[in-house]
1. With respect to the numbered conditions (1) among the aliphatic types (A, V, I, L, M); (2) closer than 30 Å to Ala222 by Cβ; (3) in contact with a helix residue (DSSP H, G or I) (Cβ under 9 Å, 6 or more places away or on another chain), which one is the sole condition not fulfilled by Ala39?
2. Can you pull out every residue in segment 299-311 that is at pLDDT 95 or above and crowded, with 16+ Cβ neighbours inside 10 Å?
3. From Ala116, Ala107, Ala67, grab the single residue that is in a helix (DSSP H, G or I), within 16 Å of the ligand (Cβ to nearest atom), closer than 26 Å to Leu37 by Cβ and not acidic (Asp, Glu).
4. What residue, among those in segment 154-193 that are closer than 26 Å to Cys277 by Cβ and in a helix (DSSP H, G or I), is modelled with the lowest pLDDT?
5. Does Val250 count as surrounded by fewer than 20 Cβ atoms within 10 Å (Cβ to Cβ), under 25 Å from Gly19 (Cβ atoms) and modelled with pLDDT of 95 or more?
6. Any residue at all in segment 228-240 that is assigned by TED's automatic domain parsing to the domain that holds Arg268, surrounded by 15 or more Cβ atoms within 10 Å (Cβ to Cβ), acidic (Asp, Glu) and under 25 Å from Leu266 (Cβ atoms)?
7. Determine whether Lys185 is of a type outside the set (Val, Ile, Thr) and within 16 Å of the ligand (Cβ to nearest atom).
8. Restricting segment 257-313 to residues that are among the small types (Gly, Ala, Ser) and outside any helix (DSSP H, G or I), which is nearest to Arg192 (Cα to Cα)?
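The values are calculated or read from the model by the stated rules, or taken from the named source; none is laboratory data. The model shown is predicted, which means the values in this text are computed figures rather than measured ones. Here the Cβ positions follow ideal geometry from the backbone for every residue, glycine too, while neighbour counts run over all protein chains shown.
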Amino acid sequence: MHTGKARAYTNIALIKYWGKKDEELILPMNNSLSLTLDAFYTETTVSFDPALQADTFLLDGQLQNTAATAKISRFLDLLRELAGTKLRAAVTSENFVPTAAGLASSASGLAALAAAGNAALQLGLDDSQLSRLARRGSGSACRSIFGGFVEWEQGTDDITSLAHPLAANGFENDLAMLFVLINDKQKDVSSRDGMRRTVATSAFYPGWLASLPEDLAAIKQAIATQDFTALGRITEANGLKMHATTLAAVPPFTYWSPQSLLAMDLVRQLRATGTECYFTMDAGPNVKVLCRRQDEAAVQQAFSNSFSSDRLILAHAGPGISYL
Ligand code: 2P0
């Protein structure tokens, strides 16, 4: 039996990945840039075992259904190919979140699985090789291999598409991100389906793509000069632009719910009254509020007037993967 265990933290993109140019290899249409966070992580154990007839996937103590297990199996096939083995595996994952928020993260999940597989099969992959591999499981997972600010270079093929950490200057430690968890009854459009539909049909998609090189250059400059105002403005504008593309898709869709709009409005009110903060959103109704660490208590206090405290989770910059 070959066993490995690893932990990976989730990441939130400040410049969003939205759309693929290669669905099989998961090559994105654009570079993206994220911050790895300390509040949510996944720990995964993989055991390749001659006694197993099929792969199994246990998540938070629950045996997963055929569809969820098939996604994991496809990723295990990549590991098996690299190791030259046909052994089936038992995958056991736990998502660590401060409350029972139902926050599933494919970024931390697939990054942890890639690293655990690397250890189990003694593949000896370094972090760059691991980033390429994690990308094949879920695009955003390639960024969760590393801590702090991370850029995913879109590349042109399997070798050139991978993430790398930005040169650390300590700026990430001055930041905080408040997760505002929003209950929503709407049926989700998965990020995979949502980005596919947007690329194929949205009249706004070319405009989104054309605007990215400028956003990326500007945010890297903001990080290098530790300019929080620029960082926040670019993050908020880039997220809004991504979400605008979904409104022009055919058929149109949105991840926003009324509570998301309320949270956005609170951010604007806080800014107007002198507490500088900015929001971003991903493929769901939750709102993430970026602020300076020194203002985190004021931001959390302001949100606690409109959202119950178990829906508010404060995060800071987090590390890359670790082997357990
Ligand atoms: C991001 N998102 O950059 C963007 C912003 C959602 C909105 O990466 O199809 O789970 O597995 O590559 O990585 C979520 O998409 O998608 C995502 P796949 P993934 O964080």
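1. (3)
2. Val299, Gln300, Ala302, Phe303, Phe307
3. Unique residue meeting the criteria: Ala107.
4. My answer is Ser191.
5. Working: surrounded by fewer than 20 Cβ atoms within 10 Å (Cβ to Cβ): yes; under 25 Å from Gly19 (Cβ atoms): yes; modelled with pLDDT of 95 or more: yes.
In short, yes.
6. yes
7. Values: of a type outside the set (Val, Ile, Thr): yes; within 16 Å of the ligand (Cβ to nearest atom): no.
So Lys185 does not fit the description; no.
8. Step one: list which residues in segment 257-313 are among the small types (Gly, Ala, Ser), which gives 257, 260, 263, 272, 274, 283-284, 297-298, 302, 304, 306, 308-309.
Restricting the remaining residues to those that are outside any helix (DSSP H, G or I) gives 257, 274, 283-284, 306, 308.
Details: Ser257: 20, Gly274: 38, Ala283: 9, Gly284: 12, Ser306: 31, Ser308: 30 Å.
Out of the qualifying residues, it is Ala283.
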